[in-house]
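What follows draws every value from the coordinates through simple rules; no lab data is involved. Keep in mind the model is a prediction, meaning the values are calculated, not measured. All Cβ positions, glycine included, derive from the backbone under ideal geometry; neighbour counts span all protein chains shown.
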Amino acid sequence: MKCEVLPHPSTVARAAATFIANQARQSIAKRGRFVVAFSGGSTPWQMLRNLASEEISWRDVYVVQVDERIAPAGDPDRNLTHLQESLLSHIPLPPEQVYAMPVEAEDLVAAADAYRQTLEQIAGSPPILDLVHLGLGSDGHTASLVPGDPVLGVADRDVATSAVYQGHRRMTLTFRILNRARTILWVVTGDSKTEMLQRLRDGDRTIPAGRVRRNEVTILADHEAASRRYKLKLENMMNKNMDAAPETRDLIEQLAGTDAVTRERSRNQLVQRKTPDVIRALLQAVIDPRTHVRWEAAKALQAIADPVAASALMHAMEDENADVRWVAAEGLIALKEVGLRTVLSGLITRAGSIEFRESAHHVFHESNGFAGVVAPVMKALGQSEPEVAAPVAAYQALVALNETPDAK
């Protein structure tokens with residue numbers, strides 16, 4: 001499971017459109033077609049409008065629905081209504097390659113089975129969708145798989161109907177077909193989703209979204225949805241550090257001394273030990289209120305070069321002290337590709353910080369072997385509005401690294 005955090009819902013929408021377009025081109029090149037299932041939601045409508053401007057062989061695209069409300073044609077609550085307005089009316093997609101859920105039928109059970117047969121005709125038996133786009137509700141639901149609904153227990157059908165939820169019954173794809181998809185894309189925005197996004201990433205199967213498989217999955221979330229994640233991890237890390245060995249605590253405390261020789265000696269001893277206990281203590285020390293401690297801790301983590309320190313060093317790139325920021329950047333340079341990926345991810349949400357941009361530029365400048373990947377990002381950092389250009393360039397650089405792991 002990969003998770004990318006972007007500044008705003010509009011940025012998420014653009015990134016999601018780019019992701020889907022790339023998947024479409026790859027699928028068409030490999031299999032001759034692209035079968036995609038869309039969910040609803042306000043950010044997805046922006047995503048679809050962006051997708052309409054992508055260059056895709058639309059004659060080879062087949063669109064199906066993840067879920068739909070039981071409502072008349074043209075009803076503003078219907079996902080299909082927004083799908084038509086945001087995407088279908090703007091692209092040369094043959095109308096017969098859009099497969100709406102038959103929610104206007106009198107016999108919904110038979111209609112759900114008919115939709116299952118339709119999916120088999122276009123995606124094989126059993127049907128395997130190339131990409132499924134999912135949203136995440138503040139109650140942990142996804143598609144129309146809602147907490148407490150009997151549809152959660154459906155394991156022998158690919159399409160089923162739900163009970164009434166927020167005023168409507170629904171038709172929905174079930175876990176069985178969702179988990180069979182080649183790729184799953186989650187689009188998650190808004191601070192009402194923070195808890196559920198955390199639980200989704202933790203694999204919490206007590207919420208419906210947590211029952212969707214975790215491999216070949218990408219999450220695109222905005223800062224509001226993901227902002228609590230690091231704080232919770234940091235609090236957990238600090239609680240663990242309370243159990244640090246007395247020797248480790250003593251050495252950490254000596255990093256605050258006024259004598260530079262003593263500080264260096266203590267730091268070197270911590271580096272030599274480099275046990276999990278020591279690394280946890282150093283991770284906490286990077287956010288210590290005392291500048292000497294933060295600098296020494298970052299310097300020690302640079303020398304140890306353990307990837308587990310990447311997130312902490314990335315956050316230290318915004319430290320109020322320039323020397324701490326510089327050492328943190330040096331520590332990420334020492335982590336090579338792991339450090340580069342971490343800084344690119346951080347730049348997506350922190351491009352508004354001058355301190356972070358300057359530190360990131362230093363990392364990119366010293367990222368030997370990845371000049372081709374970081375060059376567009378460095379160019380974006382030099383533009384008149386780097387806080388706007390850099391997040392997009394950073395995301396595209398991450399996509400390039402993911403698609404071509406040995407990209408140089």
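What FRET efficiency do you get for Arg176 and Ser138 if R0 is 25 Å and r is their Cβ-Cβ distance, rounded to the nearest 0.05?
Here the calculated transfer efficiency is 0.50.
Provide Rg over Rh for region 1-112; use the alpha carbon set for both Rg and the Kirkwood Rh (inverse mean inverse pair distance).
Working: Rg = 14.7 Å, Rh = 15.0 Å.
Rounded to two decimals, Rg over Rh is 0.98.
Which FRET efficiency, nearest 0.05, do Ala29 and Thr291 yield, Cβ-Cβ r, R0 56 Å?
Numbers: r = 54 Å, r/R0 = 0.96.
After rounding, the FRET efficiency stands at 0.55.
For the chain, with only Lys/Arg (+1) and Asp/Glu (-1) charged at the beta-carbon, what is the dipole magnitude about the Cα centre, in debye rounded to 20?
Using Cβ point charges on Lys, Arg, Asp and Glu, the chain gives about 780 debye.
Express in nm, to one decimal, how much length is gained between Asp113 and Ile128 on full extension, taking 0.36 nm for each residue of separation and deducting their alpha carbon distance.
Result: 3.8 nm gained on full extension.
Could you tell me what % of all Cα pairs in region 286-348 have separations over 18 Å? Intermediate values should be presented prior to the final figure.
Details: 439 of 1953 pairs.
The calculated P(r) of region 286-348 puts 22 percent of pairs beyond 18 Å.
Would you mind computing, in nm to one decimal, how far apart the modelled labels at His90 and His365 are, each placed 7 Å from Cα along Cα→Cβ?
Between His90 and His365, the label points sit 4.0 nm apart.
Using only Cα atoms, locate the centre of region 6-78 and the centre of region 92-130, then give the distance between them in Å, rounded to an integer.
17
Relative to the compact-globule scaling 2.2 N^0.38 Å, provide the ratio for the alpha-carbon radius of gyration of region 2-227.
0.94
Pick the calculated volume of the Cα convex hull per residue in Å³ for this structure from (i) 149; (ii) 180; (iii) 157?
Here the calculated entry is (i).
With point charges of +1 on the Cβ of Lys and Arg and -1 on the Cβ of Asp and Glu, referenced to the Cα centre of region 229-403, which listed residue (His361, Gly257, Ile279) lies farthest in the positive direction of the dipole?
Ile279
Given charges of +1 on the Cβ of Lys and Arg and -1 on the Cβ of Asp and Glu, with all other atoms neutral, how large is the dipole of region 229-403 about its Cα centre, in debye to the nearest 20?
For this selection, approximately 300 debye.
Given the -39500 (n - 2.57) contribution per DSSP H run of 4+ residues, what per-residue ellipticity at 222 nm results for the chain, rounded to the nearest 500 deg cm²/dmol?
On the way: 17 runs with 210 residues, N = 408.
Taken over the chain, the calculation gives -16000 deg cm²/dmol.
Taking the Cα centre of the chain as the origin and placing charges on Cβ (Lys, Arg +1; Asp, Glu -1), which of Asn321, Gln84, Pro246 is farthest toward the positive end of the dipole?
Positive-end residue among those listed: Pro246.
In Å and whole numbers, how far do the C-alpha atoms of region 229-403 stretch along each principal axis, longest first?
Answer, in whole Å and largest first: 48, 30, 28 Å.
Below 8 Å, C-alpha to C-alpha, sequence gap of six or more: please give me the relative contact order for region 2-227 in percent.
24
Amide H of Lys336: which non-local residues (sequence gap of 5 or more, or other chain) have their own amide H closer than 5 Å, using H built in the peptide plane?
Placed amide hydrogens put nothing under 5 Å from Lys336.
With each pseudo-label sitting 7 Å past Cα toward Cβ, what's the Asp259-Thr206 distance in nm, one decimal?
Modelled inter-label distance: 5.2 nm.
If r is the Cβ-Cβ distance from Ala375 to Glu337 and R0 is 22 Å, what FRET efficiency results, to the nearest 0.05? Present the calculation step by step, with values, prior to reporting the outcome.
Working: r = 16 Å, r/R0 = 0.73.
So, using R0 = 22 Å, E works out to roughly 0.85.
Label Lys274 and Ser384 with points 7 Å out from Cα along Cα→Cβ: what is the distance between them in nm?
4.8
Under the definition of Cα pairs under 8 Å and six or more residues apart, what whole-number percent is the relative contact order of region 131-182?
31
Once whole DSSP H runs in the chain are found, which of them have Cα atoms spread over 24 Å or more along the helix axis and a mean Kyte-Doolittle score of at least 0.0?
386-403
With a 10 Å Cβ neighbour count serving as the proxy for reagent exposure, in which order, fewest first, do Met1, Met196, Met101 appear?
With the fewest neighbours first, Met1, Met196, Met101 line up as Met1, Met196, Met101.
Of Lys2/Lys193; Lys2/Lys379; Lys30/Lys379; Lys2/Lys30; Lys336/Lys379, which sit over 28 Å apart, Cα to Cα?
Lys30/Lys379
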